1. Taking ALA150 and the conditions (1) over 21 Å from ASP86 (Cα atoms); (2) in contact (Cβ under 8 Å) with a residue 24 or more places away in the chain, which numbered condition does it fall short on, given that it satisfies the others?
2. I'm checking my understanding of the structure. Among residues of the range 47-93 that are within 15 Å of ARG134 (Cα to Cα) and small (Gly, Ala, Ser), which one is surrounded by the fewest Cβ atoms within 10 Å (Cβ to Cβ)?
3. Specify the residue that is nearest to ALA50 (Cα to Cα); the eligible residues are those in the range 148-159 that are buried (at least 20 other Cβ atoms within 10 Å of the Cβ) and not basic (Lys, Arg).
4. Tally time: how many residues in the range 122-166 are of a type in the set (Gly, Ala, Ser) and on the phi > 0 side of the Ramachandran plot?
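Just so it is clear, none of the values below were taken in a lab; they were calculated from the coordinates. Here the structure is a predicted model, which means the values were calculated and not measured. For neighbour counting, all protein chains shown are included, and Cβ atoms are generated from backbone atoms with ideal geometry for every residue, glycine included.
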Amino acid sequence: PVGEGEGVPVAAGGRARPAATVAAAAPTALPRTQGGPLELAWDVPGQVKAGEEFQVALRASADSPLRTGSFQFRYDPRQLEVLKVDEGDYFKKSSVNMVLTEKVEPPAGRIVVTLAPSGESAGAAGSGALIVIRFKALAANPNAQVSMLAAQGRDASDRLMQIKGFGPAQFAIGP
């Protein structure tokens, strides 16, 4: 499970290491990590308006097949309302049927997402949107963000993949 010492380390208190950009805080490989790297990046609008609906996508790129993934995100529930969490096109491009399970906790501003194949699939390699989160902007903030608290990917041999590109999705919410 996410947050139990595997995947991307989470600092004490459940907060991720600070990152100025998506690529700035790439974690070091963990001893059990043997699978290829899983590179993550956010696709976000530069600015949205309060009251507007928009989406952020967590994009992934991997040369070796990603089979399962677990992710935890944090957002400010005073500024954002989660409307929907969907699977992106990453696995669909390879015709891999996945089951996405999400748990949205609005008071805590937390989203937990797991992706697993619906059958015996080895997963998929390539690039694309892994997870798409649809939000409604509630209040203006020039420095709004969605933080990734934890991330874990496993390859076809159930080995942990090294996560690269760990950081927040940053955007502005205008009035």
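1. (1)
2. The selected residue is GLY51.
3. Among them, the one singled out is MET148.
4. Of the residues in the range 122-166, 4 are of a type in the set (Gly, Ala, Ser) and on the phi > 0 side of the Ramachandran plot.
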